[in-house]
1. Write down the percent of antiparallel bridges among all DSSP beta bridges whose residues are both part of region 297-430, to the nearest 5.
2. Counting Lys +1, Arg +1, Asp -1, Glu -1, what net charge surrounds residue 198 among other residues with beta carbon under 10 Å of its beta carbon?
3. Based on the inverse mean of 1/r over its pairs of different Cα atoms, what is the Kirkwood hydrodynamic radius of region 300-429, in Å?
4. Let me have the relative contact order for the chain, percent, based on Cα pairs under 8 Å that are six or more residues apart.
5. Can you check what the Kirkwood hydrodynamic radius comes to for region 214-353, Cα pairs only, in Å to one decimal?
6. If I build a Gaussian network model for the chain, linking alpha-carbon pairs within less than 10 angstrom, which residue out of 257, 393, 12 has the largest mean-square fluctuation?
7. Beyond 26 Å, what share of the Cα-Cα pairs of the chain is found? Please give it as a whole percent.
8. Between 0 and 90 degrees, rounded to the nearest ten: what's the tilt of helix 266-281 against the longest Cα principal axis of the chain?
Amino acid sequence: MREWSPEQVAQAAGGRLVAPPPRPTGPDRAIIDSRAARAGDLFIGLVGDNVDGGRFAPQALAGGAWGVLVAPEHAAAAQCAVPGVLIAADDPLGALQRLASAWRRALGCPVVGITGSVGKTSTKDILAAMLGQAKRTVANRENFNTEIGLPLTVLEAPVGTEALVLEMGMRGPGQIAELAAIAEPDVAVITAVAPVHLELMGSMEAIAAAKAELVAGLRPGGTAIVPAGEPLLDAHRRDDVTTITFGPGGDVDELPADLELPFTSAHMRRNALAALAAARALGVHPTGRLDVALSSYRGQRVELSSDIVVINDCYNANPMSMRAALDDLAASASGRRVAVLGDMLELGPEEARYHSEVGEYARAAGVDVLVAVGPRAEHFADGYGEVVVLPDAKAAADAVPALLQPGDTVLLKASRGVGLEVVARALEAA
């Protein structure tokens, strides 16, 4: 945004300049944490559940921020602070989103939106690596996939960006549509439809409809990339966009022989097929060794000095992703297979059955030791048999190191609310 004047920034955000700007150029990026303010930053003061971020506008300016975008009362208060650009907006979050949409259009590069019940973050990371072979590409950092994180990602993209890869998270109906309206995607990728947020959404059909909001957000002539053989998405196909399927029996069902991936698990290779379909839609055909920087807690393998391998896949979990992780454990372990599995949250009234079925799947996958973490996880035993039951992640961090032997491969996986990463830290420190 540096090429824009302060007046252009204010206009794009739907705000107004409170005072004559002291700088003729625009900011480098937008931030929402005043403590992170540095030269070139536009601090946007959002109203949170407990704190109104606009109150910290003076601190952001004192930290060297280019300017602030806050509610009118906070803009007035900030006039007594260090000089900077002051933009007032009645709805700072809406202003952030409008500013991101305007900058997306100014960049003029193709945008890929990615959503899905499982695999969307890994698919985003893989696609960013694929496109990066041929285009200057910007993608979300970690979990910047919300109504706040996504526009911040767009506003980090510098002039000359040639592709934007934007993961879109969902917790309820209408949220993907909101993100699509900000991003205006040219390509929509739905990685999978699975029982995630089932407690909130009520049915698999409702989950599919929520994911398909991304397809609905495509402009005519865009490209929709969906899993092959997923009937729940059939009702949401559009005649005015190109639909490409991926996976067994799909339009893209094989990876090129000259493409070398840094992983072998079946579910990651499936994610790579979705990414490959999107890359080709943008005219990129990746080859050679692909260097993928996976986001945290997404299946990273850590080899400990005690000859133990930890598969840290504890960012989130649902029945589909649990099965995929167990398949990876079964295929990759050379010694005992140890699964530390925590609660799968938001599965609704059938949660006990879902946990039991995962326990049964773990038994069939040859898991030697199953550690169940949390009250819902106790139902793994219904399908598996004898398990080690622990009440929470802290108890697991204390107990699991003593359960392991040299040569073990241990999988850590649970819903985000369980916080199973503390077990990984305990194992690395042991």
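1. Around 20 percent antiparallel, to the nearest 5.
2. Here the count lands on -4.
3. Working: mean 1/r = 0.0714 Å⁻¹.
For region 300-429, the Kirkwood estimate is 14.0 Å.
4. Values: 1001 pairs, mean separation 48.4, N = 430.
RCO, the chain: 11 percent.
5. 17.6 Å
6. In the Gaussian network model the winner is 257.
7. Of all Cα-Cα pairs in the chain, 59 percent lie more than 26 Å apart.
8. Here the helix axis deviates by roughly 30 degrees.
Read-outs throughout are calculated quantities, based only on the coordinates presented, and are distinct from any laboratory measurement. Keep in mind that what you see is a predicted model, and the values were worked out from it rather than measured. Reconstructed Cβ throughout: ideal geometry from the backbone, glycine too, with neighbour counts over all protein chains shown.
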